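Scroll down for the structure; my scribbles are underneath it.
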Amino acid sequence: MSRISPGKEARLQVDGELRGILDELPGLVWSARQDGSVELLSRRWSEYTGKDDAELVGWAWMDADLIHPDDHATVVESWGAIRASGKEGRMEARLRRADGVYRWFQIQAGPVLDDHGDVVGWWGLNTDIDDQKQAQAQANGEQRLLEMITRGEPTAAILEGVVRLVERGSTSLRASILLLDEDGVTLRHAAVLSLPRSYTEVIDGAPIGPDAFSCGTAVWRRELVVLADIEKDPLGALFRANALAHGLRACWSTPMLSSDGRVLGAFGIYATEPRTPTKPELELLERCSRVTSIAIERSQSEEALRRSEAYRAEAERSSRTGTFGYDIQRREFTLSDGVCEIVGVPSRTRLPLAELASRIHEGDRERVTEVVRQALRDGTTFEYEHRLVMEDGSVKLVRVVGRSRVTAAGNHEIVGAATDITASRRAADELQRAQAALTHVSRVTTLGELAASIAHEVNQPLAAIVADANAAMNWLAADPPDLLRVRESLTAIIGDGERAGRVLLRIRSLLSRTPPRRRPCSLNDVVRDVVPLVAPELARQGLVVQQVLVPDLPQVVGDPVQLQQVVLNLMLNAAEASKDVPPERRRVVIRTFVERRASGSFVHVAVEDAGVGLDPAIDKARLFDAFYTTKENGLGMGLSISRSILERHGGKLWARPNEVFGATFEFAIMVPA
Ligand code: ADP
């Protein structure tokens, strides 16, 4: 507060030395009369405004086009309020410079008092705070952008915000953000605001390099590049004509780097006049490039995360697998989409233990709890299968693997994966059932085809029984009855009956699905048991069956019923193969023989025909594949089952073409030592 004497009418009188000091002060100094009208202005006023004092003193300043129109009312009001208060006060307003640019000022005013403390006039000081204001605005803008990044707002909006931050601060600056393509050599605009398309589309796709304008060079060198005069600087050659045509005269670029040092692109600021950047402009460039790098890096890592999340979700879906975490303290599960699908709850659900437990099949609940408890106690991994009961009552089979661990925060949790194995388990079960059924079907159909020959086999003894019974009746009816003959007939009947019984027994054992019973047996007997079954039927087809069995064949250990089935299959195949060949070739030879080797003795059974033979184009191993058949009504299971029977006996079954006609199928089983 200034005190001036003497008297109330005293006015601010400054001259000489004091005036010289006021004129040198780095602000716009002024004084006003008691009523508020401006009286005196320091020299810098005319320098700044380009106006004579006469245009501003008194109340002329109000109409002098000095105050920014938006700030005019505030200034008038504040100045009135300060005067009314009689105290020092301050306000902010934009004042027009001689070149038309408005700059922010802080306007301070205080009363000049006389000895009685009465206001006799006013002093004033206007300080240029435009640079601080600008810096503050930029800092606020940067802050807002960082908040946008944190909130996860779209990258495009953030980049646009950065460009706006540069361009709003000055009418002569333009900003551009160029991103480096995945190829690591080409640049592409990611955000521009006032740079026209006709300019940017020429630059899009330009490669980086040691002299590729300012942005391309900044990325290449990984350092700030200042192109102070596009017209003259050799670095400007690449886009010179284009830049000048759009009124761009300078360009300053800085590379944008990720936190691990990768170059993401370049941030560029153009100026409409040739010059180097001021210190605040360089800081602005630096800040903008930093914010942009953060936004881009975030969007890239989000994209990578989204991609890996998509891969994981796809993998989960196709493998019917999912992952989960269980927070032991909170007794709550966090489930991946895959597990949600398995459990049948909406995606991304947290599920309380009680709710998940209620979906576990009652019969499995206790066991599952015990396994998990045990794993928690021992800190080991665990694995179990359990049933899940769906809302519609259907049941799923799930395999779970997991382990307990301690989180960084010291909490105990369980992490694991669950797989829906309902379908695969069902398929495995069905396959097993199908195999069992096929084995059975194969025997039954094979025998079904033989119904005629079986009937023939059984018919013979039956017919004999009837004939013998008739004879016995006749001998009984004779007078006197010839009991000797009757006894002979009855003995024959018993023999025939036993024969028929044996046939039936054989058929029954072939048809039965009883598990294999191993015992020492002779392969000669196996052949002898089967041949009479098929021979009559084969004979009807004009096929001659010949047995060449070596005497004293050593016994092997095996299931005679299964081995009979093999011989039966081979004989039927031989018959089928011989169906359409000339009559003289319709013969099947069954041989048994012993082969002695260093490793031991083997009994062989070979079924040889002169039929159509093996197709040389077909790999012989394929014949033994399940469902491989060349017959219209074939099942393709005979050889496959036969081979597996032999494998179960530790033996082998193979095929080979004969020298002239047909094929030989042969198997061998080792003789126990
Ligand atoms: P299927 O009799 O139902 O065809 P198999 O497993 O018994 O099934 O036989 C598979 C295939 O092997 C037959 O379709 C046939 O092409 C071939 N094959 C089997 N035995 C002979 C044989 N003795 N001569 C020629 N080909 C044969």
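The values are calculated or read from the model by the stated rules, or taken from the named source; none is laboratory data. Values in this document were obtained by computation on a predicted structure and should not be read as measured data. As a convention, Cβ positions derive from the backbone with ideal geometry for all residues, glycine included, and neighbour counts pool all protein chains shown. Just so you know, the surface numbers come from the protein's heavy atoms only, side chains and all, with ligands and any DNA or RNA stripped out. Shrake-Rupley method; radii C 1.70, N 1.55, O 1.52, S 1.80 Å.
Between the helical axis of 483-511 and the longest alpha-carbon principal axis of the chain there is an angle of about 10 degrees. Spacing of the modelled spin labels on Lys579 and Glu362, each 7 Å from Cα toward Cβ, amounts to 5.7 nm.
The spacing between the stretch 144-172 and the stretch 184-253, judged by their C-alpha centroids, is 21 Å. The relative contact order of the chain, computed from alpha carbon pairs under 8 Å that lie at least 6 residues apart in sequence, is 6 percent. The percentage of C-alpha pairs in the chain whose separation is greater than 38 Å is 70%. Overall, the stretch 74-122 carries a charge dipole of about 400 debye about its Cα centre when +1 sits on the Cβ of Lys and Arg and -1 on the Cβ of Asp and Glu, all other atoms neutral.
Sorted largest first by accessible area at a 1.4 angstrom probe radius, with every protein chain in place, the residues Glu153, Glu584, Glu576 fall in the order Glu584, Glu576, Glu153. Summed over the residues of the stretch 174-294 and divided among them, the accessible surface reaches 44 Å² per residue at a probe radius of 1.4 Å.
Here the accessible area of the chain is 53 percent carbon and sulfur, with a 1.4 angstrom probe and all protein chains present. Can you compute the label reach from Ile21? Point 7 Å from Cα along the Cβ direction, backbone N cut-off under 20 Å, restricted to the stretch 74-110. In the stretch 74-110, the label zone of Ile21 (backbone N under 20 Å from the point 7 Å along Cα→Cβ) covers 108-110. Report Trp220's accessible area, 1.4 Å probe, all protein chains in place, as a number in Å² to the nearest 10. The accessible area of Trp220 comes to roughly 140 Å². The residues of the stretch 13-92 have, on average, 56 Å² of accessible surface per residue, using a 1.4 Å probe with all protein chains present.
Packing order of peptides 336-347, 16-27, highest average first: 336-347, 16-27 (average count of other Cβ atoms within 10 Å over each peptide's residues). Here the contact order of the stretch 536-639, divided by its residue count and restricted to Cα pairs under 8 Å and six or more residues apart, works out to 26 percent. Between Lys279 and Glu47, residue separation times 0.36 nm minus the direct Cα-Cα distance comes to 81.1 nm.
The relative contact order of the stretch 178-271, computed from alpha carbon pairs under 8 Å that lie at least 6 residues apart in sequence, is 26 percent. For the stretch 281-301 versus the stretch 11-86, the inter-centroid distance based on Cα atoms is 43 Å. For the chain, the mean residue ellipticity at 222 nm estimated from helices alone is -14500 deg cm²/dmol, where every DSSP H run of n ≥ 4 contributes -39500 (n - 2.57) and the total is divided by all residues, rounded to the nearest 500.
Of the whole protein surface, His412 contributes about 90 Å² of accessible area at a 1.4 Å probe radius. The string of couplings for the stretch 528-542 from the Karplus curve (6.51, -1.76, 1.60, θ = phi - 60°) is 5, 6, 7, 3, x, 5, 9, 3, x, 5, 5, 4, 4, 7, x Hz, one whole number per residue in order, with x for Gly and Pro.
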